[in-house]
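These notes are about the structure you will find just below.
Laboratory data are not the source of any read-out in this text; all were calculated from the coordinates shown. Note that this is a predicted model, so its numbers are computed, not measured. Cβ placement follows ideal geometry from the backbone for every residue including glycine, while neighbour counts extend to all protein chains displayed.
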Amino acid sequence: MILLSGSIFAQFKGSIGLDGEYDSNAYNDSYGGGSMVGTAFMDLTTDIDLKLAGIFLGADYSGSYSAYLSYLGINQNDHLLKMILWRGLGKDGFVGLGGAYGFQLNAADRSAYDTNNFKIIGETKIYLAQPVLLKINGALGKYQYQNLPKYDFDQSIVNGSVGFFLPLQTGLTILAGYKKYDFTPLSIDSQVPINITNLSPGCRLSHGIGSNIGLAMEYSYLKNTVTTTTTYYMPDTLLNEVNEYFDYFGNRIEIKITFKLEPAGKMIVWGNFINRNYTMLNAFSLPATDNASILTRQNLDIIRRDKENNFGIEYDIPLSDIASDVGFNAGACYYNNKSNDELYNYKKLLIFAGVNYNF
């Protein structure tokens, strides 16, 4: 109904574009194997004044189609629709309540991993005092695998931050994140946990250097706890965010430098340093021969430890002064995961480029 109304449709803004990416190690393991993927995407957003006590209806849609152009033979559709009723609070603040629905459809050979995600969401942003900004968002919902229902879970998510705007172009933000997934496994199920709880408190320090350079450093403590029905627990390794299905604790440090380029455009250089210390997952050797099944790997009787180092650079620029609504971006990322599990001791390179039109 909204799309059929010309006056309302004119209120939409967003972007469409095409991206291409080369991944030198698509499976994230020591065997390697490259892949190329092309993606077409669209993002739409609007805010409609309901003329009711200052309440607006915010609607956002993002969708993409990705086609893998290599021997992997995979393609997928990702879609997310979000609608929220919100009202302004003071200067630049707001409070909102709504819902979101997302889904993913995969090619036939991976259709078992098609997903639906329903959530009730709440968001708020408010200045507690002029230099102190509070942000909170939360969600309650259900995540479903269309053809693997035993992995369905209820989810509870809360993220919050308190930002302090300090003198001399400096900001300090205290961060906190909480996620809990509740499953309904059978009593003897060795693949499905009872629940997963994830905590990620941290802080971010940002600083402006002149008018064209921004420096940000962020630290997070990582704590992931999994409760299972059996000691012979081993989930499907093709699940989304498979690391979350195992106990671990660790740290994440990110350093990012943003350069505002003249006359237009920007460049971002960043590095991530993550370590995960698993508590219930042992490291394994590689199979004895290249032709042997991955299931023949031998238990090394030591707890798995991973250290992941990521480095990247990205460049964004309008294509011309005339076509300022058309943008181009390109970049590269290098990943090095050091693990005492030989299968996950790997390196990879991502190279990507894209063009988008903003309207």
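See the values below:
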read-out: Net charge over other residues, Cβ less than 13 angstrom from the Cβ of residue 136 (K, R count +1; D, E count -1); value: +1
read-out: Packing-based exposure ordering (other Cβ within 10 Å, fewest first) of 328, 359; value: 359, 328
read-out: Least to most buried among 348, 135 (fewest other Cβ within 10 Å first); value: 135, 348
read-out: Label-point separation, residue 280 to residue 169 (7 Å along Cα→Cβ), nm; value: 4.9
read-out: Three semi-axes of the equivalent ellipsoid, the range 219-265, Cα gyration tensor, whole Å, largest first; value: 39, 15, 6
read-out: Rel. contact order, % - alpha carbon contacts under 8 angstrom, at least six apart, the range 230-359; value: 19
read-out: Order of 355, 37 under a 10 Å beta carbon neighbour criterion, fewest first; value: 355, 37
read-out: Chain lengthening between residue 261 and residue 61 when straightened (0.36 nm per residue, less Cα-Cα); value: 69.0 nm
read-out: Reduced Cα scattering model of the range 40-140, Debye log10 I(q)/I(0), q = 0.12, 0.13 Å⁻¹; value: -0.56, -0.62
read-out: Correct option for Rg/Rh (Cα atoms, Kirkwood Rh) [calculated from the coordinates] among (1) 0.97; (2) 0.99; (3) 1.02; value: (1)
read-out: Mean Cα-pair separation over length for the range 13-97, i.e. relative contact order, pairs under 8 Å, 6 or more apart, %; value: 23
read-out: Extension reserve of the residue 180-residue 94 stretch, reckoned as 0.36 nm per residue once the Cα distance is removed; value: 28.4 nm
read-out: Whole-Hz ³J(HN,Hα) from phi, Karplus 6.51 cos²θ - 1.76 cosθ + 1.60, for the range 332-339, glycine and proline x; value: 8, 9, 10, 10, 9, 9, 9, 9
read-out: Extension reserve of the residue 311-residue 162 stretch, reckoned as 0.36 nm per residue once the Cα distance is removed; value: 50.9 nm
read-out: Set of lysines near residue 91 by C-alpha distance (under 19 Å), chain-local residues within fewer than 8 positions excluded; value: 125, 135
